[in-house]
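Here the structure comes first, spelled out in structure tokens, and everything after it is commentary.
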Amino acid sequence: MDSLFWKRFWIMTIGVLGMGAFLSLLLQAGYGVDTSAFMNSSLSQRIGIPLGTVLLATNIILFIPQLIWGRKLIGIGTIVNMTLIGYTSDFCTMLEERYISPAFFIDQPSRAILFMLSLAGFLFFAALYMNAGLGQAPYDSIPTMLSRRTGLPFFAVRMAWDFLTIALGILAGGHLTIGTVLMALTIGPTVAWIGKHLLPIPIDDSRPVPISR
């Protein structure tokens, strides 16, 4: 494996761990999370199973069509993403509940500041993961495959997919907040901008690298 692969691998790993850490803070702030986390956290609360386990289960389900129709989208980053983000979030939540006063997540202005900083952190680390080019997460691969197979614009398919996920989260008992809607509308362009202007790997150079490499 060449040095570029290892550079991308560590960028991807840091991105996944950072997403998990900031996801836990977004959940604590309660103003909204990304659409996948909204659906899965709603399911987690509904059935009483840790978020990491629910995320792993839904990712395994979504991995099946990716394995059949989107093998070129699979890389080592796919596996790291689907197995680590949820459990990292659970671990960080445990630490936050043990060492940080609950008032910090409830009182203003600390709650609003926490949300804004956590959102910025989550988007930055999501850009690290996505622009490393080591494979798409199963959740992200579904709109990519649908767009390619139907010829529909990717942004339209992605938005439809995100709002379908939001609907499933609401059906599972989740309470929709403005933060989740804003993330559904803006996370794609924001991650692309961060990848283009702030990261060491240009987005145009990112290609999924198979696990077997």
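The values are calculated or read from the model by the stated rules, or taken from the named source; none is laboratory data. Because the structure is a prediction, the values reported are computed rather than measured. Here the Cβ positions follow ideal geometry from the backbone for every residue, glycine too, while neighbour counts run over all protein chains shown.
Return yes or no: is Arg98 out of contact with any helix residue (DSSP H, G or I) (no Cβ under 8 Å at 6 or more places or on another chain) and either in a helix (DSSP H, G or I) or surrounded by fewer than 16 Cβ atoms within 10 Å (Cβ to Cβ) (or both)?
So Arg98 passes the test.
Could you grab me the full set of residues in the stretch 29-53 that are crowded, with 21+ Cβ neighbours inside 10 Å and out of contact with any Gly (no Cβ under 6 Å at 6 or more places or on another chain)?
Of everything in the stretch 29-53, those that are crowded, with 21+ Cβ neighbours inside 10 Å and out of contact with any Gly (no Cβ under 6 Å at 6 or more places or on another chain) turn out to be Ala29, Val33, Asp34, Thr35, Ser36, Ala37, Asn40, Ser41, Leu43, Ser44.
Quick one: which residue in Ala160, Ala132 is within 27 Å of Leu4 (Cα to Cα) and of a type in the set (A, V, I, L, M, F, W, C)?
Selected residue: Ala132, the only one of Ala160, Ala132 that is within 27 Å of Leu4 (Cα to Cα) and of a type in the set (A, V, I, L, M, F, W, C).
In the set Phe115, Phe155, which member is at pLDDT below 85, of a type in the set (Phe, Trp, Tyr) and either over 25 Å from Thr93 (Cβ atoms) or out of contact with any Ser or Thr (no Cβ under 7 Å at 6 or more places or on another chain) (or both)?
Phe155
Could you list, ordered by first residue, the pairs with Cβ atoms under 6 Å in which the first is in the stretch 4-21 and more than 14 Å from Gln136 (Cα to Cα) and the second is at pLDDT 95 or above and assigned to a helix (DSSP H, G or I), at least 6 apart or interchain?
Leu17/Thr88; Met19/Ile85; Gly20/Ile85; Gly20/Thr88; Gly20/Ser89; Ala21/Cys92
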